[in-house]
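*Asks:* If you scroll down you'll find the structure; I have some questions about it.
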Amino acid sequence: QVQLVESGGGLVQAGGSLRLSCAASGRIFSSGAMAWFRQGSGKEREFVTAIRWSGGRTYYADSVKGRCTISRDNGKNTVYLQMNSLKPEDTAVYYCAATGNLFTTQVHGYEYWGQGTQVTVSS
């Protein structure tokens, strides 16, 4: 089992920045990936970004490319999501997810999920 705990959400004005953290505990994968998804009110959960455990390759949704950076601290088993130039449309609950399988942008490809953290961007 893997436990994921997100933190760092909050209220920010448009154009501002936030950094989300996801601390993993329990069984830590040597392969697979960790990802961030988000779900706005009345919307489906969507892929934001991911980083592979091995090699650290990163992936970004087009909607956040250039504004967000995913990174990891292997010693702390923590993944970070730095979000800059935030827009009102970035408002959502952000979820951390982990898989020991191949990287995917699909929700169903991740076995473990955090509880989510709310990000609200005011205009």
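*Asks:* Any chance you could run the full-extension gain for GLU46 through SER63? It's 0.36 nm times the residue separation minus the Cα-Cα distance, nm to one decimal.
*Replies:* On the way: separation 17, 0.36 × 17 = 6.12 nm, distance 1.06 nm.
Gain in length upon complete extension: 5.1 nm.
*Asks:* Further question on the same structure: Can you give the local net charge around THR78? Use residues other than it whose beta-carbon is closer than 15 angstrom to its beta-carbon, Lys and Arg +1, Asp and Glu -1.
*Replies:* +1
*Asks:* With a 1.4 Å probe and all protein chains kept in place, how do TRP53, TRP113, TRP36 rank by accessible area, largest first?
*Replies:* So the residues, ranked largest to smallest area, are TRP113, TRP53, TRP36.
*Asks:* Further question: Can you tell me the length gained on complete extension of the stretch HIS108 to THR120, counting 0.36 nm per residue apart and subtracting the Cα distance?
*Replies:* 1.8 nm
*Asks:* A follow-up question, please. Among GLY32, GLY75, GLY40, which one shows the highest mean-square fluctuation when the chain is modelled as a Gaussian network with alpha-carbon springs under 10 Å?
*Replies:* In the Gaussian network model the winner is GLY75.
*Asks:* Ordered by residue, what ³J(HN,Hα) values in Hz, to whole numbers, does the stretch 43-51 give under the Karplus form 6.51 cos²θ - 1.76 cosθ + 1.60, where θ = phi - 60° and Gly and Pro are x?
*Replies:* Karplus values, whole Hz, x for Gly and Pro: 10, 7, 5, 10, 5, 10, 6, 8, 9.
*Asks:* Now for a different question. Going Cα to Cα from LYS43, which lysines come in below 28 Å? Please leave out same-chain ones fewer than 8 positions away.
*Replies:* Within the straight-line cut-off, LYS43 pairs with LYS65, LYS87.
*Asks:* Which whole-number percent gives the relative contact order of the chain, counting Cα pairs below 8 Å spaced six or more residues apart?
*Replies:* With pairs under 8 Å counted, the relative contact order is 36 percent.
*Asks:* Taking only the alpha-carbon atoms of the stretch 61-115, what semi-axes of the equivalent ellipsoid follow from 5 times the gyration tensor eigenvalues under a square root, in whole Å, largest first?
*Replies:* Sorted largest first and rounded, they come to 21, 15, 11 Å.
*Asks:* I would also like to ask the following. Need the full-extension length gain, ASN101 to SER30, defined as separation in residues times 0.36 nm minus the C-alpha distance. One decimal, nm.
*Replies:* Values: separation 71, 0.36 × 71 = 25.56 nm, distance 1.02 nm.
The span from ASN101 to SER30 would gain 24.5 nm if fully extended.
*Asks:* So, with a 1.4 angstrom probe, what is the percent of accessible area on the stretch 15-75 that is carbon and sulfur?
*Replies:* It is 40 percent, rounded to a whole number.
*Asks:* Per residue and in Å³, how big is the convex hull formed by the alpha-carbon atoms of the chain?
*Replies:* So the per-residue hull volume is 91 Å³.
*Asks:* For LYS87, LYS43, what's the largest-to-smallest order of accessible area, 1.4 Å probe?
*Replies:* Values: LYS87 80, LYS43 130 Å².
These residues rank, largest area first, as LYS43, LYS87.
*Asks:* Hey, how much of the P(r) for the stretch 1-46 falls beyond 17 Å, as a percent of Cα pairs?
*Replies:* 52
*Asks:* Name the residue, out of GLY109, GLY26, GLY100, whose mean-square fluctuation peaks in a Gaussian network model built on the chain with Cα pairs under 10 Å.
*Replies:* Between GLY109, GLY26, GLY100, it is GLY26 that shows the largest mean-square fluctuation.
*Asks:* Between GLY42, GLY16, GLY55, find the one with the highest GNM mean-square fluctuation for the chain; connect C-alpha pairs within less than 10 Å.
*Replies:* GLY42
*Asks:* What figure in square angstrom, to the nearest 10, would you give for the accessible area of PHE103 with a 1.4 Å probe?
*Replies:* Accessible surface of PHE103 is approximately 50 Å².
*Asks:* Rounded to the nearest whole Å², what accessible area per residue is found for the stretch 7-123 with the 1.4 Å probe?
*Replies:* Accessible surface, normalised per residue, equals 50 Å².
The values are calculated or read from the model by the stated rules, or taken from the named source; none is laboratory data. All of these numbers come straight from a predicted model, not from anything done at the bench. For neighbour counting, all protein chains shown are included, and Cβ atoms are generated from backbone atoms with ideal geometry for every residue, glycine included. These accessible areas exclude ligands, DNA and RNA; they are computed on the full protein's heavy atoms, side chains included. Shrake-Rupley method; radii C 1.70, N 1.55, O 1.52, S 1.80 Å.
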